[in-house]
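Chemist: Right, I'll just put the structure down here and ask away after.
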Amino acid sequence: MRAWSAPEVPVLPVVGPSVRLHDTASGGPVEVGGPETASLYVCGITPYDATHIGHANTYVAFDLLNRAWRNAGLTVSYAQNVTDVDDPLLERATTVGVDWRELALRETELFRQDMEALRVLPPDDYTGAVESIPLVVALIQRLEDAGAVYRVDDDLYFSVAADDAFGAESNLTREQMLQIFPERGGDPDRPGKKDPLDPLVWRAERPGEPSWDSPWGKGRPGWHIECAAIAREHLGAGFTVQGGGSDLVFPHHEMCAAHAHVVEPGVPFARAYAHAGMVAYDGEKMSKSKGNLVFVSALRNAEIDPMAIRLVLLRHHYRDDWEWTDDLLFDAVDTIAQWRQALSLGRGAPAAPVVERVLAAIADDLDAPGAVAAVQDWVDATLGVAGHLADTSDPAAAAQVSAVLDAALGLSL
Ligand code: 5CA
Ligand code: ZN
């Protein structure tokens, strides 16, 4: 399907450092990407409701990675899915009395507009689950050939025992897995399963649900197989980073990796797995199922500058969990005004040190708060606040700081 329009991104006169990222699988920082290319798969939305700040936080986090790679001179291949058929989407469509396809189209279009407003670079391949069903069927067939799937009634399950590396992505104990699995769509107690953790890969047609032909009868794909198939198709085996929010560490990313490992033994699904923290609101994780949501589109409709929304996100390290408040937004609106004032002077404090600090911070596990602090130091020096004497010695400063704000942080002021 169509992605969204790409913003213009300035090309910086300096090359950024190579990128290090915290890898969930190894539990520490790893160098990702290079020497010339990098590839990224970020799990996309399930389009049954509008984009909330938690989603935006995750996509802005991986946008920083995409930009850091580009600033380091790499060619980036970026793929993202849309889970445009799944239980929550079908349930919501029934509840509100709209066709599930219409709901998915409408919410995906709103997501595109939100991403554009936030200046998130679009993926090269933006792919829906429905349009990927032939890929999913082909992947399940390969799993079947490897003896890794079995039937329960008319549904097909994947046997986690088929992957020797199962558990290596999340590093969870079996006990922890068993606890989380049912909270995130799993069905450990279904009679007939070989292992309670085995995930569904093909769900046979149920009355009133959409279905597609397959060698196992009419049905629809399971969730994890969808991302495994789409990522492998567009990025190949062993792509650089799989990203998503931390609620996808298990089972989603573990199962994607397990599917891929069985069809290509010895090749990792992704070289690294990166996860953004959860954004809360009113004391709980912002989630469509709980309804405690702040929508990006609602803020935009209230004439909030999307750059202020983006700055609120950048002020939090992507791996941290944090809580959205209106005060954070008001504060960011004021900061953006102050930064624009400093940039409007043209001359300013020397730009080279801030450009270097911003690029170094982002390349070091996407340290956006560190980058924001570097910009704030330059603004303070340029405006002569917080004990600084105003320093306007660099005639090209504003242009260079604007360029790095845009290229590295996605803030176009
Ligand atoms: N379609 C699947 C992925 S294949 C899915 O999880 N969709 S979603 O719409 O529920 O979430 C989209 C992305 O936003 C995921 O990466 C998820 O981890 C992230 N996300 C969801 N809620 C939050 C939150 N409160 N804070 C941060 N990120 C969140
Ligand atoms: Zn996914």
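The values are calculated or read from the model by the stated rules, or taken from the named source; none is laboratory data. The model shown is predicted, which means the values in this text are computed figures rather than measured ones. All Cβ positions, glycine included, derive from the backbone under ideal geometry; neighbour counts span all protein chains shown.
Chemist: From Val241, Val249, which residue is surrounded by fewer than 22 Cβ atoms within 10 Å (Cβ to Cβ) and within 21 Å of Ala168 (Cα to Cα)? Can you show your working first?
Modeler: Details: Val241 fails: surrounded by fewer than 22 Cβ atoms within 10 Å (Cβ to Cβ).
Unique residue meeting the criteria: Val249.
Chemist: Here are Arg220, Arg232: which of them is in contact with a Lys or Arg (Cβ under 7 Å, 6 or more places away or on another chain) and of a type in the set (Lys, Arg)? Before you say what the answer is, go through the steps one by one.
Modeler: Details: Arg232 fails: in contact with a Lys or Arg (Cβ under 7 Å, 6 or more places away or on another chain).
The unique qualifying residue is Arg220.
Chemist: Kindly list the number of the only condition in (1) without any contact (Cβ under 8 Å) to a residue 24 or more places away in the chain; (2) among the β-branched types (Val, Ile, Thr); (3) closer than 23 Å to Pro221 by Cβ that fails for Val96.
Modeler: The single condition Val96 does not satisfy is (3).
Chemist: Evaluate segment 220-232: report whether one residue or more is more than 13 Å from ligand 2 (Cβ to nearest atom), buried (at least 23 other Cβ atoms within 10 Å of the Cβ) and modelled with pLDDT of 95 or more. Before you say what the answer is, go through the steps one by one.
Modeler: Of all residues in segment 220-232, those more than 13 Å from ligand 2 (Cβ to nearest atom) come to 220.
Of the ones still in play, those that are also buried (at least 23 other Cβ atoms within 10 Å of the Cβ) are 220.
From the residues that got through so far, the ones that are modelled with pLDDT of 95 or more too are 220.
Yes, segment 220-232 has at least one match.
Chemist: A follow-up question, please. If I filter segment 294-303 for residues that are in contact (Cβ under 8 Å) with a residue 40 or more places away in the chain, touching a strand residue (DSSP E or B) at 6+ places or on another chain (Cβ under 7 Å), within 16 Å of ligand 2 (Cβ to nearest atom) and part of a strand (DSSP E or B), do I get at least one hit?
Modeler: Among the residues of segment 294-303, not one is in contact (Cβ under 8 Å) with a residue 40 or more places away in the chain, touching a strand residue (DSSP E or B) at 6+ places or on another chain (Cβ under 7 Å), within 16 Å of ligand 2 (Cβ to nearest atom) and part of a strand (DSSP E or B), which makes the answer no.
Chemist: Let me ask another. Looking for something more than 23 Å from Glu31 (Cα to Cα), surrounded by 24 or more Cβ atoms within 10 Å (Cβ to Cβ) and touching a Ser or Thr at 6+ places or on another chain (Cβ under 9 Å) - is there at least one such residue anywhere in segment 195-207?
Modeler: Yes, there is a match, as at least one residue in segment 195-207 is more than 23 Å from Glu31 (Cα to Cα), surrounded by 24 or more Cβ atoms within 10 Å (Cβ to Cβ) and touching a Ser or Thr at 6+ places or on another chain (Cβ under 9 Å).
Chemist: Same structure again: Can you give me the number of residues within segment 17-64 that are in a loop (DSSP other than H, G, I, E, B) and either within 16 Å of ligand 2 (Cβ to nearest atom) or surrounded by 18 or more Cβ atoms within 10 Å (Cβ to Cβ) (or both)? Lay out the reasoning, then the answer.
Modeler: Within segment 17-64, the subset in a loop (DSSP other than H, G, I, E, B) is 17-18, 24-27, 33-36, 43-51.
From what's left, either within 16 Å of ligand 2 (Cβ to nearest atom) or surrounded by 18 or more Cβ atoms within 10 Å (Cβ to Cβ) (or both): 24-25, 33, 43-51.
Residues flagged as in a loop (DSSP other than H, G, I, E, B) and either within 16 Å of ligand 2 (Cβ to nearest atom) or surrounded by 18 or more Cβ atoms within 10 Å (Cβ to Cβ) (or both) within segment 17-64 amount to 12.
Chemist: Of the residues Ala398, Ala374, which is within 24 Å of Val120 (Cβ to Cβ), at pLDDT 95 or above and touching a helix residue (DSSP H, G or I) at 6+ places or on another chain (Cβ under 8 Å)? Don't jump to the end; show me each part of the working.
Modeler: Numbers: Ala398 fails: within 24 Å of Val120 (Cβ to Cβ).
After ruling out the rest, the residue left standing is Ala374.
Chemist: Now, a different point. Only one residue in Ala399, Ala371, Ala403 is more than 18 Å from Arg119 (Cβ to Cβ) and either assigned to a loop (DSSP other than H, G, I, E, B) or not charged (D, E, K, R) (or both). Which one? Can you show your working first?
Modeler: Numbers: Ala371 fails: more than 18 Å from Arg119 (Cβ to Cβ); Ala403 fails: more than 18 Å from Arg119 (Cβ to Cβ).
One residue alone meets the criteria, Ala399.
Chemist: Is it the case, given these coordinates, that Thr108 is at negative phi and within 16 Å of ligand 2 (Cβ to nearest atom)?
Modeler: Numbers: at negative phi: yes; within 16 Å of ligand 2 (Cβ to nearest atom): yes.
Judged against the criteria, Thr108 is a match.
Chemist: Within segment 323-346, track down each residue that is farther than 20 Å from Val379 by Cβ and surrounded by fewer than 17 Cβ atoms within 10 Å (Cβ to Cβ). Quick ask: steps written out before the conclusion?
Modeler: Within segment 323-346, the first condition is being farther than 20 Å from Val379 by Cβ, and the residues that meet it are 323-327.
Within segment 323-346, Glu323, Thr325, Asp326, Asp327 meet the criteria.
Chemist: For Ala231, are the conditions met, namely being within 14 Å of ligand 1 (Cβ to nearest atom), farther than 21 Å from Leu172 by Cα and touching a residue at least 60 places away in the same chain (Cβ under 8 Å)? Steps first, please.
Modeler: On the way: within 14 Å of ligand 1 (Cβ to nearest atom): yes; farther than 21 Å from Leu172 by Cα: yes; touching a residue at least 60 places away in the same chain (Cβ under 8 Å): yes.
Yes, satisfied.
Chemist: Residues to consider are Gly97, Gly34, Gly44, Gly27; find the one that is of a type in the set (Gly, Ala, Ser), modelled with pLDDT under 95 and either farther than 30 Å from Ala398 by Cβ or within 12 Å of ligand 1 (Cβ to nearest atom) (or both). Talk me through it step by step, then tell me what you get.
Modeler: On the way: Gly97 fails: modelled with pLDDT under 95; Gly44 fails: modelled with pLDDT under 95; Gly27 fails: modelled with pLDDT under 95.
Checking each option against the conditions leaves just Gly34.
Chemist: Which one of these is out of contact with any Pro (no Cβ under 7 Å at 6 or more places or on another chain), touching a residue at least 60 places away in the same chain (Cβ under 8 Å) and outside any helix (DSSP H, G or I): Val14, Val76, Val85?
Modeler: Values: Val76 fails: touching a residue at least 60 places away in the same chain (Cβ under 8 Å); Val85 fails: out of contact with any Pro (no Cβ under 7 Å at 6 or more places or on another chain).
Testing whether each residue is out of contact with any Pro (no Cβ under 7 Å at 6 or more places or on another chain), touching a residue at least 60 places away in the same chain (Cβ under 8 Å) and outside any helix (DSSP H, G or I) leaves just Val14.
Chemist: Evaluate the following for Val385: is it farther than 22 Å from Pro306 by Cβ and surrounded by fewer than 20 Cβ atoms within 10 Å (Cβ to Cβ)? Don't jump to the end; show me each part of the working.
Modeler: Details: farther than 22 Å from Pro306 by Cβ: yes; surrounded by fewer than 20 Cβ atoms within 10 Å (Cβ to Cβ): yes.
Considered against the rule, which asks whether it is farther than 22 Å from Pro306 by Cβ and surrounded by fewer than 20 Cβ atoms within 10 Å (Cβ to Cβ), Val385 comes out as yes.
Chemist: Checking Arg70 against (1) more than 20 Å from Ser246 (Cβ to Cβ); (2) part of a helix (DSSP H, G or I); (3) modelled with pLDDT under 95: exactly one of these is not met. Which one?
Modeler: Evaluating Arg70 over (1) more than 20 Å from Ser246 (Cβ to Cβ); (2) part of a helix (DSSP H, G or I); (3) modelled with pLDDT under 95 leaves (3) as the failure.
Chemist: Continuing with this model, one more query. I need the full set of residues from segment 237-260 which are more than 11 Å from Thr24 (Cβ to Cβ) and more than 12 Å from ligand 2 (Cβ to nearest atom), in order please.
Modeler: Ala237, Gly238, Phe239, Thr240, Ala258, Ala260
Chemist: Name every residue in segment 266-291 that is touching a residue at least 24 places away in the same chain (Cβ under 8 Å), more than 8 Å from ligand 1 (Cβ to nearest atom) and in a loop (DSSP other than H, G, I, E, B), in order of residue number.
Modeler: Within segment 266-291, Val267, Pro268, Phe269, Gly283, Ser289 qualify.
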